[in-house]
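*Asks:* What follows is a structure written as structure tokens; I'll ask about it next.
The values are calculated or read from the model by the stated rules, or taken from the named source; none is laboratory data. Note that the coordinates shown come from a computational prediction; the quantities given were computed from them, not determined experimentally. FYI the Cβ positions are ideal-geometry reconstructions off the backbone, even for glycines, and counts take in every protein chain you see. The area values use the complete protein model at the heavy-atom level, side chains included, leaving out ligands, DNA and RNA. Shrake-Rupley method; radii C 1.70, N 1.55, O 1.52, S 1.80 Å.
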Amino acid sequence: MSMFTIFGVSGSAISAQSQRLNVVASNLANVDAVAGPDAEPYKARQVVFQTTLMGAESAAGVAVREVTESDAPARRVLDPAHPLADEQGYVTHSNVNAVEEMVNMISASRSYQNNVEVMNTAKSLLLKTLQMGQ
């Protein structure tokens with residue numbers, strides 16, 4: 001594997017984790033959302049990754065295969081005074097779990113940071129290699 005392939009592999013991971021962070025941000029923004037006029041509450045979304053080959057070499061990167069919606073049931077909260085309450089007095093909220101999303105955010109952020117560090121290390125090694133030739 002050439003040193004330049006490392007940039008492609010880490011770059012693909014950075015891109016995938018960036019999309020994961022965007023999905024987590026969307027989920028967190030809708031953690032307390034209630035069902036709208038269509039009576040459908042916001043559903044948490046999760047990013048599904050897949051391995052992708054990077055060029056002619058046997059290096060593998062990562063890509064986002066799809067963004068799926070969670071099948072977890074929506075939260076129902078008893079609040080008869082709420083304008084969107086159903087006939088039993090329950091309000092349907094999104095199925096987003098704030099704690100899980102915070103864990104996802106920390107994981108994605110650390111993975112992003114680690115891949116930036118890999119790219120910086122590879123850059124440093126390439127520069128030192130070039131300096132040896134002078």
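*Asks:* Residue pairs, Cβ under 8 Å, 6 or more apart or interchain, first in segment 108-134 and over 30 Å from ASN27 (Cβ atoms) and in contact (Cβ under 8 Å) with a residue 12 or more places away in the chain, second among the β-branched types (Val, Ile, Thr) and open to solvent by less than 90 Å² (accessible area, probe 1.4 Å). List them.
*Replies:* From residues that are over 30 Å from ASN27 (Cβ atoms) and in contact (Cβ under 8 Å) with a residue 12 or more places away in the chain, the pairs are ALA122/ILE6.
*Asks:* If you don't mind, there's one more thing I want to ask. Among (1) at negative phi; (2) in contact (Cβ under 8 Å) with a residue 40 or more places away in the chain, where does GLY55 come up short?
*Replies:* Exception for GLY55: condition (1).
*Asks:* So THR92 passes all but one of these: (1) in contact with a Lys or Arg (Cβ under 9 Å, 6 or more places away or on another chain); (2) under 20 Å from VAL62 (Cα atoms). Which condition number does it fail?
*Replies:* So the condition that THR92 fails would be (2).
*Asks:* Count, please, the residues in segment 50-63 that happen to be at pLDDT 90 or above, of a type outside the set (Ser, Thr, Tyr) and out of contact with any Ser or Thr (no Cβ under 8 Å at 6 or more places or on another chain).
*Replies:* Result for segment 50-63: 1.
*Asks:* Let me ask something additional. Residues that are open to solvent by 40 Å² or more (accessible area, probe 1.4 Å): find the strands (runs of 3 or more DSSP E) completely inside segment 15-134 holding 2 or more of those.
*Replies:* Those strands (runs of 3 or more DSSP E) span 45-53, 60-69, 75-78.
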